[in-house]
Amino acid sequence: MQKIGLGTWPLKDSLCREVVATALELGYRHIDTAQMYANEAAVGQGIADAGLERDALFVVTKIWPSSFEDGTALERARASIAALGVGAVDQLLVHWPNPRLKVAQIIETLQAARDEGLAHSIGVSNFPSALMAEAAALDTIATNQVEFHALLDQRKLLAVANDLGIRLTAYMPIARGKVPEHPVVQEIAAAHSAQPAQVALAWVMAKGVTPICMSTKRANLASNLGACDLALSPDEIARIDALSSPSQRFCERDSDNPDWDN
């Protein structure tokens, strides 16, 4: 996995294609998409436009949980690979837990996709620590992609992931712009002559977590990538750590939310 990735929700069609190609030109190599985003073909077109060797890329897509329930998950995985046009993806994830299925049923389908050559590795997304540990007991779980930012206390989940040897991927790493607005983050940014969003992303990376971030603006894409070069001090990290109480979660489903750790 890369230190930072490009998220593609909610990009569509030509804009998605353009953003992906621009990001790859700037130096991004980790591209994240999902069946639910309805943009896998556009992501693939953007990758093709960039003209990079396949080995230089790290491509992730996700299968919607209902597909495991109705028996179409493997078929949908094949469709994703065809739409992306890059061969096997580097990671194939289930997008959310499904409370009507055992974790083993989901993992078995992901294993079948990997065995078929559709993915190099498999993983999960939005799994709390108990379900993540259950999945890890069944197979090697490459990542757990979760909401992770300075306003959401994910210490328990991160500790369990580290114990299991699973690297977390952070979506919504700046909490819809709320983290960069915080005075503490702005003060630290000023001390580094950096952008507040860069500080928010650097904090995520300092935790050993890979943030995936999205912008349609070239300047912001470049700025986010620059967060890889920003080193925060232990004191600065501790000050940002303290922002997570009370925890703020921004991504919830209307139903089927798991029993979150926090």
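The values are calculated or read from the model by the stated rules, or taken from the named source; none is laboratory data. Keep in mind that this is a model prediction, so the values were computed, not measured. Heads up, the Cβs are rebuilt from the backbone with ideal geometry, glycines too, and the neighbour counts pull from every protein chain shown. Ligands, DNA and RNA are stripped out before the accessible areas are found, and what is left, the full protein with its side chains, is counted by its heavy atoms. Shrake-Rupley method; radii C 1.70, N 1.55, O 1.52, S 1.80 Å.
Looking for something small (G, A, S) and in contact (Cβ under 8 Å) with a residue 12 or more places away in the chain - is there at least one such residue anywhere in segment 180-189? Steps first, answer last, please.
If we filter segment 180-189 for residues that are small (G, A, S), which is where we start, we get 189.
From what is left, the residues that are in contact (Cβ under 8 Å) with a residue 12 or more places away in the chain are none.
No, that holds for no residue.
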### Task
Enumerate the pairs (first residue in segment 195-214 and more than 13 Å from D241 (Cα to Cα) and among the hydroxyl-bearing types (S, T, Y); second residue anywhere and open to solvent by 10 Å² or more (accessible area, probe 1.4 Å) and not in a loop (DSSP other than H, G, I, E, B)) with beta-carbon separation below 7 Å, excluding pairs fewer than 6 apart on the same chain, so at least 6 apart or on different chains.
T210/R167
### Message
If a residue counts only when it is in contact (Cβ under 8 Å) with a residue 24 or more places away in the chain and surrounded by 20 or more Cβ atoms within 10 Å (Cβ to Cβ), which helices (runs of 4 or more DSSP H) contained entirely in segment 1-91 have at least 3 such residues?
### Response
13-26, 40-50, 73-84
### Summary
Every listed condition ((1) touching a Pro at 6+ places or on another chain (Cβ under 6 Å); (2) surrounded by 18 or more Cβ atoms within 10 Å (Cβ to Cβ)) holds for P258 save (2)
### Summary
Given (1) over 15 Å from N39 (Cα atoms); (2) of a type in the set (A, V, I, L, M); (3) more than 15 Å from the chain's Cα centre (by Cα), V86 misses just (1)
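Please go through segment 130-141 and pick out each residue that is closer than 28 Å to I237 by Cα and either buried (at least 22 other Cβ atoms within 10 Å of the Cβ) or free of Cβ contacts under 8 Å to residues at least 24 places away in the same chain (or both).
Hits for segment 130-141 are M132, I141.
Take segment 92-102 and flag every residue that is without any contact (Cβ under 8 Å) to a residue 40 or more places away in the chain and open to solvent by 10 Å² or more (accessible area, probe 1.4 Å).
In the first step, residues of segment 92-102 are kept if they are without any contact (Cβ under 8 Å) to a residue 40 or more places away in the chain; the result is 92, 94, 100-102.
Selection gives R100, L101, K102.
Can you tell me which residues in segment 204-227 are more than 22 Å from R155 (Cβ to Cβ) and in contact with a helix residue (DSSP H, G or I) (Cβ under 7 Å, 6 or more places away or on another chain)? Lay out the reasoning, then the answer.
Keep residues of segment 204-227 that are more than 22 Å from R155 (Cβ to Cβ), which gives 214-226.
Within segment 204-227, S215, T216, R218, L221, A222, S223, N224, L225, G226 qualify.
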### Message
Can you tell me which residue is farthest from G177 (Cα to Cα) among those in segment 240-255 that are over 20 Å from the mean Cα position of the chain (by Cα) and open to solvent by 50 Å² or more (accessible area, probe 1.4 Å)?
### Response
S255
## Note on the structure
Residue hits (segment 160-193; open to solvent by 20 Å² or more (accessible area, probe 1.4 Å), outside any loop (DSSP other than H, G, I, E, B) and either within 15 Å of M205 (Cα to Cα) or among the aromatic types (F, W, Y) (or both)) are N162, R167, Y171
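Any idea how many residues of segment 93-135 are polar (S, T, N, Q) and not in a helix (DSSP H, G or I)? Reasoning before the result, please.
Start the filter on segment 93-135 by keeping residues that are polar (S, T, N, Q), which leaves 98, 105, 109, 111, 121, 125-126, 129.
If we keep only those that are not in a helix (DSSP H, G or I) too, we end up with 98, 121, 125-126.
Number satisfying all stated conditions: 4.
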### Query
Restricting the search to segment 195-218, which residues are farther than 18 Å from A175 by Cβ and in a loop (DSSP other than H, G, I, E, B)?
G208, T216, K217
